[in-house]
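What follows is a set of notes on a single structure, which appears directly below.
The values are calculated or read from the model by the stated rules, or taken from the named source; none is laboratory data. Bear in mind the structure is a predicted one, so any value in this text is a computation, not a measurement. Glycine gets a Cβ as well: all are built from the backbone with ideal geometry, and neighbour counts include every protein chain shown.
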Amino acid sequence: MFGKFLEEERGSISVLISGLYILALILSVGIIDISDSFLAKRELLQIGEDAVLVASHSLDENRYYLDAPSAMSFSNPRVPIDCAAAAIVFNAEISSRELRSAPISVSGWSCSNDQITASISSEIRAIVNFPILSSINGGKIRVDATIGATSEIGGG
């Protein structure tokens, strides 16, 4: 009697459809979280680009006025950046901003040869929060971005 029950196929289509529905639901939730993470990274990049642009305008006046002919030469068409002042300006700009109500931290800073490169990061809350994943990462997604800038003299 039990063997006959296993061989029957009545109701098997409803199990298949239920399984496919659950699979589609899980995939759509994953796509939503991935899309949200991508948009959060774009927002973080925009915030970082704004801050590094302001920081790149920190002029090293001593080098600019003492080395004006070499600063304007064709081999090095860059305006000298005061790296210490640029770091202060960048950190102030970043600390005054938030990514979706989450603080942004500076995880890396480099200023050499009148080029600035910075790394920033933040943690945002996931749109869809699964209890299993929430216990692993606290329901947050880490977003990192690296930006850079130089101050160049425009030419024709």
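Just a yes or no: is a residue in the range 93-115 more than 14 Å from the chain's Cα centre (by Cα), among the aliphatic types (A, V, I, L, M), modelled with pLDDT of 85 or more and not in a strand (DSSP E or B)?
no
Looking only at the range 120-138, filter to residues that are of a type outside the set (D, E, K, R) and buried (at least 16 other Cβ atoms within 10 Å of the Cβ); which one of those is modelled with the lowest pLDDT?
Checking each candidate, the answer is 126.
Here are the criteria: (1) out of contact with any Lys or Arg (no Cβ under 8 Å at 6 or more places or on another chain); (2) at pLDDT 95 or above; (3) within 16 Å of residue 143 (Cα to Cα); (4) surrounded by 15 or more Cβ atoms within 10 Å (Cβ to Cβ). Tell me which single one residue 33 does not satisfy.
For residue 33, the exception is condition (2).
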